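Comments concern the structure below.
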Amino acid sequence: MLKRIHHVGIVVPNLEQGLALWRDVLGMKVTRQATIADQGVRAALLEVGGSEIELLEPLSATGGVGRFLERFGGGLHHICFETADVARELEAARGRGLELIDQRPRLGLAGMICFLHPKAAHGVLIEFAQPEFEELANKTGD
């Protein structure tokens, strides 16, 4: 069962410049920050109310986030829903015939995560997250 909107992902060309707005101007607190090489991003989660904003800077132009930046110039990338069991949500989506990006959950900045393909939700990239703050997700710096 989906609990709440965990975060909204925003692609930025430069993480430090993104933090200059979201952290320094808007006053949001950075809760986690890391380079996630296998996902091709530098990322930061910033707390706002009961949810978060995730800033994503691509490490290269060839990954998914890099291609998004090239195509759209940055901006709103995905919406993430928190769940108590990301594997169960992924299997439920598969059982409903939804197109998936991930075939199994993986570790991300927000815990164990998986993505549904945008074709499954009328062009919206959906992420499910089960906050299990292991070593990667607890990292607060690069």
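The values are calculated or read from the model by the stated rules, or taken from the named source; none is laboratory data. Here the structure is a predicted model, which is why all the values come from computation and not from measurement. Cβ coordinates were reconstructed from backbone atoms using ideal geometry, including for glycine residues, and neighbour counts include every protein chain displayed.
With respect to residue 93, determine if the residue is over 24 Å from residue 18 (Cβ atoms) and at pLDDT 95 or above.
It is true that residue 93 is over 24 Å from residue 18 (Cβ atoms) and at pLDDT 95 or above.
Based on this model, can you work out whether residue 115 counts as within 18 Å of residue 128 (Cβ to Cβ), among the aromatic types (Phe, Trp, Tyr), in contact (Cβ under 8 Å) with a residue 40 or more places away in the chain and surrounded by 17 or more Cβ atoms within 10 Å (Cβ to Cβ)?
no
Pairs please, first residue from the stretch 30-48 and under 14 Å from residue 58 (Cβ atoms) and modelled with pLDDT of 95 or more, second anywhere and assigned to a strand (DSSP E or B) and polar (S, T, N, Q), Cβ atoms under 6 Å, 6+ apart in sequence or on different chains.
Every condition considered, the pairs that remain are 42/35; 44/33.
How many residues does the stretch 106-121 hold that are modelled with pLDDT of 95 or more and assigned to a loop (DSSP other than H, G, I, E, B)?
1
Pull up the stretch 122-132, narrow it to residues that are in contact with a strand residue (DSSP E or B) (Cβ under 9 Å, 6 or more places away or on another chain) and of a type outside the set (Val, Ile, Thr), then point me to the one that is surrounded by the fewest Cβ atoms within 10 Å (Cβ to Cβ).
132
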